[in-house]
Every structure is written in structure tokens, then in C-alpha cells.
Amino acid sequence: MASSSPATRLEGEKAAATFRRGLVDSLPICIGYCAVSFTLSAVAAAHRHPFWSGPLLALAQFSGTSHGAIVGKIDFRSAATAGFGEVFLLCVALNLRYALMAMALAQKLPAGASLRDRILAAMSVTDEIVAVAVSRPFALTIAYVGGLFAGSFLGWNAGTWLGLAGTSLLPPRFVAPLGIALYAMFVAIVVPAARASRRTLCAVVLAIAMNLALAALPDAVKPPDGVSMLLSGVTAAAACAFAFPPKGAGRESAAPDSEKHPEPKGGGARP
Amino acid sequence: MTHARLAALVLAVSAASFAFRFIPMALMRRKIRNERLVAFIGMLPYSILAAMTVPAVFSSGGGRAPSAAGFAVALALALAGRSLPTVAAAAAATAVALSAFLN
């Protein structure tokens, strides 16, 4: 998708044309999001979520991972489903990365961007949108980011609604196995990042090992699933951040950035 | 968990999600200098997603065998550098096909 935009400056271009350019570049994200949110609606239906929760989630918070955590962890069929605090903390931990992504995007915006522009840019922060936006060869304008946001947001919301319609038509036998798409999405996000950085690979392996160990505990002392995941993930990331030496005394070197760059790409520069 | 609590959770998560995106966008123009902190925050989503995936993935695809097969397909395609929708669709298709075949 990078090929469609020549390395030109957009200053002379009208805002509407720049918006359309963003919209066109968002098309792969739009299609990808539509597919993923479709399957999340299938998971929500399997877990007996009320019909309004998916559309409300998709409208109010543009984050596939916390949408996935909420529909995945809360199961109205089970009395032992995850609780409010557990899922909320899990979503907070999952959303922490958006703070980094927002910083990356903020540094590509025009210096004098208004508060309204910054609110729109903040709403646009997802792994895929930031990956596409920061990899553009031209200076970003808010119109371009708005175009990326509009297409992606539309895809995500449309997929949520289509998923609701689809799962009410499909027999549960076909819908239940779709739940794996959520975890496949996680795999697609984690694997490229773990390949790009040994430190991240180490954190990923450690987190899985810890979580398996916690899951093997007897029921009497076993923490709730969500707590185990958080504990494993946070501990593993902290341990690897401290176990691996900081990248040399040369702070101005590209070292910290070379650890950071895989993230946007990891989200899928080609969704 | 009641439906009212679910609604409250959705709104709370939405507020937190927006705050995380907006506060750095509005306030922080400089990079975080502490390299260990940058590394920690950078790795956090991946380590948490990994823990969310294993072992939960093995009971996600409508049975153990279809789930394991779907997970294997997802890993193989992700290692081959395929895109997110491709990985998700192929894993789901594998699990659906295998569970239909096994039943």
C-alpha cells in the first residue's frame, strides 16, 4: 500500500484531497478490522453478551485488544466469569502501549496542531493506523490522519454489526470455532515483534511460561485467569527490561529506537 | 457480572483507553529518556498478549484438536510474515473445518 503515495509534500493539496488519500490508504486496515470485529461479535454471541455491548464497545473505544479482552474474558454462561476489576485492569495494561504510539504519532503531526486536531489524532491511535501514518514519506496533516481513522473506524464498526447479523444466521456449531480468530490476531501481533527483538522474544516466552505455571496451580490457590495473565505479562516485561543491559552509553544512538520500531510494524504495516 | 456492570465496564474502559491516547498527545512532546522504562512499556503489550493466548487458545476453537490446529496455522503464517487478517482468517477456517470434520 506504500506505493500508492509518491514521496511528495502535501502542503499544496486541499484538505479534502488529503483526507481522500488517507481514506484510500486505510482500505486494507478497513477490510482487516472488519474481519476481526466480525469474529469478536461471534465470540460475544457465544458468551451470551447482550446485543448492545459490541456496537457500544466499537463506538466508544477503538481498541481491538480490549474489545477482545472484554468479549473473551466475560462469559455470561459461566458463574465463575471474570469480574469487573480483573477485566478493567487487563484492558488498562493492554492499552498502555497506546501512550507510546500516541507519542510516536504526535511527533509526526504539525507542531501547531490544535486541541481539536490532537483529540482526533488521539482517537486514531491503533497499532495499524500509527504504523501506516508514521511510515508515510510525507509530512502528516490531520486531514490525512482523519482519512485513515474514518476508513478504519468504519470497517471496525461495520464488522461488529455484520458479525451480530451473521452469528444470528449461522448455527452455533460453526460460530464457536471462530473464537480462535481472536487469539490468531494476538499471534499476528506478537510474532513479528518477537522476531524483531530478542528482548521481546524473551519477555514473550517468559510470560507464557509463568502463565502456564500459574494455570497448573491447584484450584484453591490459583489466581483468576485475568490476574495470572497480567501478573505474567507485567513481570516478564519488567524482568526482561532489567535483565537486558540498556543499549550502551551512546544515548543518541539509534539503539532504543531499533527496539521500538518493530512495534508499529508488528501491528501489521500491511493489515 | 450483570448487564449493568458490563455497561459500566465498557464506559470505564473507553475512558481509560482515550486517556492513554490523549494525555501523551496533549502534554508530552519529548521522548521518555529512561531506556529501561521505554523497553518495559514497549514489551508490555506483547508479553500480556502472549500470556492471554497461551494456554487459553487451546480451548478457543471449539475443541482441543481444532484449536491446536488453528493455533499451529496461525503461528506458521505469522512466522512467514503474513498479515493480521490472513492469519486470523486462516486459523478460524482451519478450526471451523476441522471441528466440522470431527463432529
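The values are calculated or read from the model by the stated rules, or taken from the named source; none is laboratory data. Not measured: the values here are computed from a predicted model. No Cβ is skipped: glycine too gets one built from the backbone with ideal geometry, and neighbour counts run over all protein chains shown.
Results, tabulated for the structure shown:
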{"item": "Scan of segment A:216-227 for residues that are among the aliphatic types (A, V, I, L, M) and within 16 Å of A:GLU86 (Cα to Cα), ordered by number", "result": "A:VAL227"}
{"item": "Answer from A:VAL36, A:VAL43, A:VAL71 - the residue that is over 30 Å from A:PRO110 (Cβ atoms), touching a residue at least 24 places away in the same chain (Cβ under 8 Å) and either in contact with a His (Cβ under 8 Å, 6 or more places away or on another chain) or among the charged types (D, E, K, R) (or both)", "result": "A:VAL71"}
{"item": "Counted residues, segment A:158-181 - those being buried (at least 24 other Cβ atoms within 10 Å of the Cβ) and either among the basic types (Lys, Arg) or touching a residue at least 60 places away in the same chain (Cβ under 8 Å) (or both)", "result": "6"}
{"item": "Residue satisfying condition, being farther than 19 Å from A:LEU96 by Cβ, modelled with pLDDT of 85 or more and not basic (Lys, Arg), within set B:ALA16, B:ALA4, B:ALA12, B:ALA50", "result": "B:ALA4"}
{"item": "Tally, over segment B:78-103, of residues that are under 17 Å from the mean Cα position of the chain (by Cα) and under 20 Å from A:SER37 (Cβ atoms)", "result": "12"}
{"item": "Residue, farthest from A:MET185 (Cα to Cα), within segment B:24-55, restricted to residues that are of a type in the set (A, V, I, L, M) and more than 7 Å from chain A (Cβ to nearest Cβ)", "result": "B:LEU27"}
{"item": "Evaluation of A:VAL71 against (1) surrounded by 19 or more Cβ atoms within 10 Å (Cβ to Cβ); (2) at pLDDT 90 or above; (3) within 9 Å of chain B (Cβ to nearest Cβ) (one fails), failing number", "result": "(3)"}
{"item": "Unique match (being among the small types (Gly, Ala, Ser), under 27 Å from B:GLY70 (Cα atoms) and without any contact (Cβ under 8 Å) to a residue 40 or more places away in the chain) among A:ALA113, A:ALA133, A:ALA184, A:ALA106", "result": "A:ALA184"}
{"item": "Members of segment A:109-147 that are at pLDDT below 85 and surrounded by fewer than 24 Cβ atoms within 10 Å (Cβ to Cβ)", "result": "A:LEU109, A:PRO110, A:ALA111, A:GLY112, A:ALA113, A:ALA131, A:VAL134, A:SER135, A:ARG136, A:PRO137, A:PHE138, A:ALA139"}
{"item": "Among the residues listed as B:MET25, B:MET1, the single one being not assigned by TED's automatic domain parsing to the domain that holds B:VAL73 and not in a helix (DSSP H, G or I)", "result": "B:MET1"}
{"item": "Any hit, segment B:93-102, residues being in a loop (DSSP other than H, G, I, E, B) and at the interface with another protein chain (Cβ under 7 Å from one of its Cβ atoms)", "result": "no"}
{"item": "All positions within segment A:72-91 that are under 15 Å from the mean Cα position of the chain (by Cα) and among the aliphatic types (A, V, I, L, M)", "result": "A:LEU90"}
{"item": "Subset tally (residues that are modelled with pLDDT under 80 and under 19 Å from the mean Cα position of the chain (by Cα)) for segment A:1-28", "result": "1"}
{"item": "Single match in A:ALA60, A:ALA106 (criterion: at the interface with chain B (Cβ under 7 Å from one of its Cβ atoms), farther than 30 Å from A:ASP225 by Cα and surrounded by fewer than 22 Cβ atoms within 10 Å (Cβ to Cβ))", "result": "A:ALA106"}
